[in-house]
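> Sharing a structure below in structure tokens format, with a few things to ask.
The values are calculated or read from the model by the stated rules, or taken from the named source; none is laboratory data. The model shown is predicted, which means the values in this text are computed figures rather than measured ones. Neighbour counts are summed over all protein chains in view; Cβ atoms, including those assigned to glycine, are modelled from backbone coordinates with ideal geometry.
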Amino acid sequence: MNTLIIYFSQTGGTLKVAEHIRDGIADMTGQCDLANMNEADIASLADYDLVGLGCPVFYFQEPFNVRSFMESLPQLPGKQWFLFSTHGSSWGNIFPLMAERLKSKGITVIGYHHTYSDSSLPYYPYPAMTHGHPDAQELGEARSFGRELITCSKRIAQGDESLIPAPDHVPEDWVKISEMYTPEFMEQELPRLSIDMDKCTLCKDCEEGCPVDGIGVEEDPPRIQQPCIYCWNCAKICPVQAIEADWEARAAAVRENFAKYRKTLDEAAERGVFRWCIDPDTIDVDDPLYKQLDRKVKEEQGRNPPAQDA
């Protein structure tokens with residue numbers, strides 16, 4: 001049985017889950033290839049009996065680059081795929097949306113798996129409420145999911161279509177949020193980034209860390225957010241905080257959102273599907289990541305002041 005897992009991961013959480021699902025599949029078949037989405041060979045997908053596609057949840061849906069990847073797929077009638085995701089407090093509407101896009105390519109989705117994972121946004125405090133995830137139990141569950149997939153896949157291939165699952169029910173408010181966050185809405189409503197070239201050292205970490213090649217620091221004028229999936233990775237990894245935005249409006253809503261997310265996670269913990277790896281009461285809601293990073297840069301500059309011209 002020829003199998004492949006394709007993943008998009010930025011902070012490593014989705015990759016960890018992908019690796020453990022791979023190990024579970026390999027336990028049963030002795031083989032499972034693993035490929036970064038940006039390096040996946042679309043032309044070879046028809047050669048696989050089972051393919052997995054995994055990514056983090058962005059704004060209650062799949063990231064736009066993952067959506068573009070699915071739209072670029074050829075028709076693959078009768079092929080079996082599975083989906084997995086990593087997320088913060090909720091997994092949103094991601095599985096129904098992704099399954100529908102794959103269905104349009106003739107693909108049958110035979111399994112779904114989601115996992116809590118650490119996350120960070122510039123206007124939220126860090127550590128996040130899901131800090132420490134995926135934990136050992138979740139990674140073990142991912143491996144078990146991989147093993148179970150193979151048994152399920154073989155039975156479906158033999159004609160037992162009763163084993164083909166539908167995505168879990170998604171609350172209506174999750175659906176509405178995913179519908180609201182269109183590329184056009186996000187371009188208008190989310191913070192716009194700029195590069196302070198007086199601070200920029202041309203290290204190009206931002207270019208290398210952008211999953212959609214949306215940054216060109218040496219272009220005239222410097223290019224940023226062209227295109228953009230609103231991951232804010234560039235702003236988080238810039239070593240001198242040269243990528244700037246007005247985060248204040250988003251940060252102002254964090255306290256209210258934090259209370260909602262904590263309630264969701266507390267309820268999940270009561271059901272036994274989530275474990276707190278950090279005491280949420282120790283998280284300073286009024287200290288967003290962008291302020292933390294700015295302090296870090298200033299402290300580093302204080303320890304290593306620039307040399308003075310003679």
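> Only one of (1) farther than 21 Å from D279 by Cβ; (2) modelled with pLDDT under 95 fails for Q80. Which number is that?
(2)
> Taking segment 285-307, which residues are over 27 Å from A249 (Cβ atoms) and part of a helix (DSSP H, G or I)?
Keep residues of segment 285-307 that are over 27 Å from A249 (Cβ atoms), which gives 300-307.
Of everything in segment 285-307, those that are over 27 Å from A249 (Cβ atoms) and part of a helix (DSSP H, G or I) turn out to be E300, Q301, G302, R303.
> (1) part of a loop (DSSP other than H, G, I, E, B); (2) hydroxyl-bearing (S, T, Y); (3) in contact with a Phe, Trp or Tyr (Cβ under 8 Å, 6 or more places away or on another chain): which one isn't true of T14, the others all being true?
(1)
> Quick one: is R255 surrounded by fewer than 16 Cβ atoms within 10 Å (Cβ to Cβ), in contact (Cβ under 8 Å) with a residue 24 or more places away in the chain and farther than 24 Å from Q10 by Cβ?
yes
> If you go through segment 222-253 one residue at a time, how many are modelled with pLDDT under 95, closer than 23 Å to P56 by Cα and among the aliphatic types (A, V, I, L, M)?
Of the residues in segment 222-253, 2 are modelled with pLDDT under 95, closer than 23 Å to P56 by Cα and among the aliphatic types (A, V, I, L, M).
> Determine whether segment 48-68 contains at least one residue that is on the phi > 0 side of the Ramachandran plot and either surrounded by fewer than 18 Cβ atoms within 10 Å (Cβ to Cβ) or outside the structural domain of A99 (by TED's automatic domain parsing) (or both).
No.
> Of all residues in segment 277-294, how many are of a type in the set (A, V, I, L, M, F, W, C) and closer than 21 Å to A245 by Cβ? Break it down stepwise before answering.
Initial filter on segment 277-294 (of a type in the set (A, V, I, L, M, F, W, C)): 277-278, 283, 285, 289, 293.
Of the ones still in play, those that are also closer than 21 Å to A245 by Cβ are 285, 289, 293.
Qualifying residue count, segment 277-294: 3.
> If you don't mind, another one. All but one of (1) more than 30 Å from I278 (Cβ to Cβ); (2) over 18 Å from the mean Cα position of the chain (by Cα); (3) in a helix (DSSP H, G or I) hold for D23; which doesn't?
For D23, the exception is condition (1).
> T108 - would you say it is touching a residue at least 40 places away in the same chain (Cβ under 8 Å) and surrounded by fewer than 20 Cβ atoms within 10 Å (Cβ to Cβ)?
Numbers: touching a residue at least 40 places away in the same chain (Cβ under 8 Å): yes; surrounded by fewer than 20 Cβ atoms within 10 Å (Cβ to Cβ): yes.
Spelling it out, T108 is indeed touching a residue at least 40 places away in the same chain (Cβ under 8 Å) and surrounded by fewer than 20 Cβ atoms within 10 Å (Cβ to Cβ).
> Then there is this: Out of D266, D294, which single residue is over 23 Å from the mean Cα position of the chain (by Cα) and not assigned by TED's automatic domain parsing to the domain that holds A128?
On the way: D266 fails: over 23 Å from the mean Cα position of the chain (by Cα).
Going through D266, D294 in turn, the sole match is D294.
> Cβ-Cβ under 8 Å, sequence separation 6+ or interchain: first residue in segment 137-163 and closer than 21 Å to I6 by Cβ, partner in a loop (DSSP other than H, G, I, E, B) and at pLDDT 95 or above. Which pairs?
Correct list of pairs: A142/P134; G146/C32; S153/D49; I156/I164; A157/D49.
> Check off (1) touching a Lys or Arg at 6+ places or on another chain (Cβ under 8 Å); (2) outside any loop (DSSP other than H, G, I, E, B); (3) over 20 Å from R22 (Cβ atoms) for S178 and give me the number that stays unchecked.
(1)
> Quick check: anything in segment 194-204 among the hydroxyl-bearing types (S, T, Y), surrounded by 13 or more Cβ atoms within 10 Å (Cβ to Cβ) and at pLDDT 95 or above? Walk me through it before giving the result.
To start, the set of residues in segment 194-204 that are among the hydroxyl-bearing types (S, T, Y) comprises 194, 201.
After this cut, where a residue has to be surrounded by 13 or more Cβ atoms within 10 Å (Cβ to Cβ) as well, the list is 194.
Within this subset, residues satisfying the condition of being at pLDDT 95 or above are 194.
Scanning segment 194-204 turns up at least one residue that is among the hydroxyl-bearing types (S, T, Y), surrounded by 13 or more Cβ atoms within 10 Å (Cβ to Cβ) and at pLDDT 95 or above.
> Still on this structure, I have one more. Among the residues of segment 201-226, write down those that are touching a residue at least 24 places away in the same chain (Cβ under 8 Å), under 23 Å from the mean Cα position of the chain (by Cα) and in a loop (DSSP other than H, G, I, E, B).
If the condition is that a residue be touching a residue at least 24 places away in the same chain (Cβ under 8 Å), under 23 Å from the mean Cα position of the chain (by Cα) and in a loop (DSSP other than H, G, I, E, B), then C210, P211, V212, I224, Q225 are the ones that fit.
> Looking at (1) crowded, with 18+ Cβ neighbours inside 10 Å; (2) closer than 30 Å to D266 by Cβ; (3) among the β-branched types (V, I, T), which one does T3 not meet, given that it meets all the others?
It is condition (2) that T3 fails.
> Continuing with the same structure: Looking at Y261, is it in a loop (DSSP other than H, G, I, E, B), hydroxyl-bearing (S, T, Y) and surrounded by 14 or more Cβ atoms within 10 Å (Cβ to Cβ)? Don't jump to the end; show me each part of the working.
Numbers: in a loop (DSSP other than H, G, I, E, B): no; hydroxyl-bearing (S, T, Y): yes; surrounded by 14 or more Cβ atoms within 10 Å (Cβ to Cβ): yes.
When the stated conditions are applied, Y261 does not pass them.
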